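The values are calculated or read from the model by the stated rules, or taken from the named source; none is laboratory data. A quick note: this is a predicted structure, and the numbers were derived from the prediction, not measured. We place every Cβ from the backbone using ideal geometry, glycine too, and count neighbours over all the protein chains shown. Each accessible area value is taken on the protein alone, full model and side chains, heavy atoms only, with ligands, DNA and RNA left out. Shrake-Rupley method; radii C 1.70, N 1.55, O 1.52, S 1.80 Å.
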Amino acid sequence: MNPQPPVRRLVLIVDDDALLREYLAEVLQHAGHDTLGAGTAAEALRTIEERGDGIALVLLDIEMPGMSGLALARLLREETTIPFMFLSASDDAETARAAADAGAVGYLVKPVDGAQLLPAFEAALARGDDIRRLRRSEESLTSALAAGRETSIAVGVLMARFHIDRHQAFDVLRDEARSQRRKMGEVAEQILAAEETLGSLHGAIGERLRGHGRT
């Protein structure tokens, strides 16, 4: 069986050094990805507005004329779900910490060679995908919990009964609704009815056991 080719991803390279942008684009394209380039933060924002979530990752220079890479990163984090990794000419701890605080999924020190870039890029891409999934799950969870009291209570029941966290409980409820081709609220009501029945049986069994203890 032949291995599956890597999925092509769209990468935005933001750096005021045109030669470096071209080099990074060549390396990533050779690895099977598509690239876009921007020399300033303003140009990057225009590209992001046009391409939106089609961009899988932004390679972002920290030091640029005009808006810095750190300032652009804050906008990306607050207003989009697009992950980003930093390119920096500095390897000091303070810069690396600032990159981490900004929410970067990767950090590379210039000069960058292909052997260094690709493993770091793939790792950043995987982490970015995980973060995107988590954000979307959180948004879906917030929306669902706001939609109905029954759904919220059912999620709590699943958490308590199976010792799982809120996100896992929500995913279980959503997947069960999909498998039954029903609305989440309907499945939530079914769970609550079952829990009420079990609670009644638990009380009845307790009374029966206490009655045997008295005889």
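What the table shows:
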item	result
The chain, Cα convex hull volume normalised per residue, Å³	211
Sulfur and carbon atoms: percent of accessible area, the chain [1.4 Å]	53
The chain: angle of helix 18-30 to the longest principal axis, Cα-based, in degrees nearest 10	50
Net lengthening on full extension, residue 78/residue 138 (0.36 nm per residue, minus Cα-Cα)	20.1 nm
Length-normalised contact order of the chain in % [C-alpha pairs under 8 Å, at least 6 apart]	12
Karplus-derived 3J(HN,Hα), 6.51/-1.76/1.60, for each residue of the range 63-73, Hz, glycine and proline x	9, 9, x, x, 5, 6, x, 5, 5, 5, 4
Cα-derived Rg to Rh of the range 10-112, Kirkwood definition	0.93
Using θ = phi - 60° and Karplus 6.51 cos²θ - 1.76 cosθ + 1.60, couplings along the range 173-182 (whole Hz; Gly, Pro as x)	5, 5, 5, 5, 5, 5, 5, 8, 6, 10
Residue-wise HN-Hα coupling along the range 126-137, computed from phi with Karplus coefficients 6.51, -1.76, 1.60 (Hz; x: Gly, Pro)	5, 5, x, 4, 4, 5, 4, 4, 5, 4, 5, 5
Distant-in-sequence amide H partners of residue 9 (H built 1.01 Å from N, under 5 Å)	34
0 to 90° range, to nearest 10: angle between helix 93-102 axis and the chain longest Cα axis	50
Environment charge of residue 88, counting only residues whose C-beta is closer than 10 Å and scoring Lys/Arg +1, Asp/Glu -1	-3
Folded to 0 to 90 degrees: helix 149-162 orientation relative to the chain principal axis, Cα	90
Cut-off 12 Å between beta-carbons: net charge of the residues surrounding residue 49, Lys and Arg +1, Asp and Glu -1	-2
The range 10-112, relative contact order [Cα under 8 Å, separation at least 6], %	24
